Amino acid sequence: MNTSRETNYDPIAEVYLKSTDEKPFTAYYERPFIIASLPDLKGKNVLDLGCATGYYSKYCLDRGANVMSVDVSRKMVDHTKNVCDNKVKAHIHDIAKPFTFIEDNEIDVIIGSLVMQYVEDWNAPLDEFFRILKVGGMCILSTHHPINDFTHFNQDDYFSKRLIEDEWKGFEKPIKVKYFVRPLSEYIQPILDCKLKLKRIVEPKPADSLKERDERMFARLEKRPCFLFFILNKEM
């Protein structure tokens, strides 16, 4: 299975880019936690995995970081370069494959925002993250919470890992996206097996500001997690 082709956003990029920055899951749930977890970025080398809209690339760039942006979608990479005034190093790249353009111990911070669910096997990417991170460097990964996937798709087998097709509404028109669903153990075990040190696992609650924007969504996310966050470090 060529998962990079199966999960590539090129066919839906134009519709996705028009409004995703304003989505409650993005603006009031995922991004507040990522931003709060980042260190001082001035002078740091940051790798933005699955750069998509370029939000994190620009955020880090504006705070003095040297940013490298990667995505398997050419349209997303082009959009990120435009958003960042071509001040980032950008690569069209499948993150399941080796980062041949990054040296050992080159990166201070890796941000993997809602991208790992598109990767079937986490072992190889985690090994690469360890290789390219400096000692003391950190990696922040957000992904879908398995309990949300299980209930959302009414699965009859929680323990099955498989590629599914989801339809996202609330855009200019519904868009279809493919990604992997898997049990919690399929997230945790590859992390425990890699050389990075797992520092935190977080099931966040929404930002208080979401309550004014969408009270129903706020109440839902207060009681049922949608995303899952991992913070890892490279130690001596």
Exercise for the section: Could you pull out the residue among Asp108, Asp62, Asp104 that is closer than 30 Å to Glu212 by Cβ and modelled with pLDDT of 95 or more? Expected result: Asp62
Fill in the blank from the handout: Here the qualifying pairs (Cβ atoms under 8 Å; residues six or more apart or on different chains; first in region 161-177 and free of Cβ contacts under 8 Å to residues at least 24 places away in the same chain; second of a type in the set (Phe, Trp, Tyr) and not in a strand (DSSP E or B)) come out as Ile164/Phe153; Asp166/Phe153
Handout entry: Some residue of region 37-55 being surrounded by fewer than 21 Cβ atoms within 10 Å (Cβ to Cβ), of a type in the set (Lys, Arg) and modelled with pLDDT of 95 or more
Key = yes
Handout entry: Residues of region 51-109 classified as more than 19 Å from Phe129 (Cα to Cα) and outside any loop (DSSP other than H, G, I, E, B), total
Key = 15
Practice task
Pick out the one residue from Lys89, Lys58 that is open to solvent by 40 Å² or more (accessible area, probe 1.4 Å) and in contact with a helix residue (DSSP H, G or I) (Cβ under 9 Å, 6 or more places away or on another chain).
Solution key: Lys58
Practice task
Considering only region 200-235, state which residues are touching a strand residue (DSSP E or B) at 6+ places or on another chain (Cβ under 6 Å) and touching a residue at least 60 places away in the same chain (Cβ under 8 Å).
Solution key: Val202, Phe227, Leu228, Phe229, Phe230, Ile231, Leu232, Asn233, Lys234, Glu235
Problem - Pro11 being out of contact with any Ser or Thr (no Cβ under 8 Å at 6 or more places or on another chain) and either buried (at least 21 other Cβ atoms within 10 Å of the Cβ) or closer than 24 Å to Ile231 by Cβ (or both) - result: no
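Yes/no per residue for (1) under 27 Å from Lys176 (Cβ atoms); (2) in contact with a strand residue (DSSP E or B) (Cβ under 8 Å, 6 or more places away or on another chain); (3) touching a residue at least 60 places away in the same chain (Cβ under 8 Å):
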site	(1), (2), (3)
Ile12	yes, yes, yes
Asp21	yes, no, no
Tyr29	yes, yes, yes
Leu47	no, yes, yes
Cys51	yes, yes, no
Tyr56	yes, yes, no
Asp94	yes, no, yes
Ile107	no, yes, yes
Ser113	yes, yes, yes
Exercise for the section: May I ask you to verify whether Lys75 is farther than 20 Å from Ile201 by Cβ, free of Cβ contacts under 8 Å to residues at least 60 places away in the same chain and either among the basic types (Lys, Arg) or open to solvent by 60 Å² or more (accessible area, probe 1.4 Å) (or both)? Expected result: no
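The values are calculated or read from the model by the stated rules, or taken from the named source; none is laboratory data. Everything quoted here is computed from the prediction, not taken from an experiment. Quick reminder, even Gly has a Cβ in these numbers, built from the backbone with ideal geometry, and neighbours come from all protein chains shown. Heavy atoms of the whole protein, side chains included, go into the accessibility calculation; ligands, DNA and RNA do not. Shrake-Rupley method; radii C 1.70, N 1.55, O 1.52, S 1.80 Å.
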